[in-house]
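Notes follow the structure.
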Amino acid sequence: MKRWLAIFFFVVFICTAPSFAVDQPDPYSGKSTTVKTVPIKPAPKKTPPRETRMRATGKVIEISPEAIKIERNVKGTVETMGFSLVKPLDKIKVGDEVGVSYITKDNQNIAKRISKVTRKKVTPTKDANPAVNIPPDTPVK
């Protein structure tokens, strides 16, 4: 008899348990199942690499409408450099001291700006002591 009573309660529990679960409100019914879309930004444009400008100063040894050659002193040695010109130069002549701002592209130096170099003369100030000339035969103390 106890066994029949246990089986009866077990069957009743198994049959009524789902009915309690069905009566509960759906916890996800108030929430939206839509996915929030984020607009995709286009990839930023790649900027071309910056061109590194270099500078050289020297004396013009050859000039033409398409190119210029200068001779410069580097650590006691004389070096000749050639540059391609973007536009012809009118005011520069052979023998002028110039400063060249250039870039290197495809193993070729391209002059971007060329300007004449003027040397400033240094004048001594009034307070400066003049140099003392010592005759070569004078013994040093």
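Rule-based calculations on the coordinates, nothing more; no lab input. Given the structure is predicted, the values throughout are model-derived calculations rather than measurements. Positions of Cβ are generated from backbone atoms using ideal geometry, with glycine treated the same way; all protein chains shown enter the neighbour counts.
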If contacts are Cα pairs under 8 angstrom and at least 6 residues apart, what is the relative contact order of the stretch 54-116 in percent?
33
Candidate aspartates and glutamates for bridging to residue 121, where Cα separation is under 16 Å - those fewer than 8 sequence places away on the same chain excluded:
97
Would you mind ranking 54, 1, 81 by Cβ crowding within 10 Å, fewest neighbours first?
1, 54, 81
Only counting other Cβ atoms within 10 Å, I'd like 104, 77 sorted with the fewest neighbours first.
77, 104
Considering amide H positions built from the backbone, and no H for Pro or chain starts, which residues 5 or more places from residue 96, or on another chain, come under 5 Å of its amide H?
60
Can you compute the modelled spin-label distance between residue 10 and residue 77, with each label point 7 Å from Cα toward Cβ, in nm?
10.2
Dipole magnitude of the stretch 54-116 about its Cα centre, charges +1 at Lys/Arg Cβ and -1 at Asp/Glu Cβ only, in debye to the nearest 20?
260
Along the stretch 73-78, what does the Karplus equation 6.51 cos²θ - 1.76 cosθ + 1.60 (θ = phi - 60°) give for ³J(HN,Hα), rounded to whole Hz, x for Gly and Pro?
9, 10, 6, x, 10, 8
Per-selection metrics, the stretch 54-116 (Cα): Rg and Dmax in Å:
10.8, 32
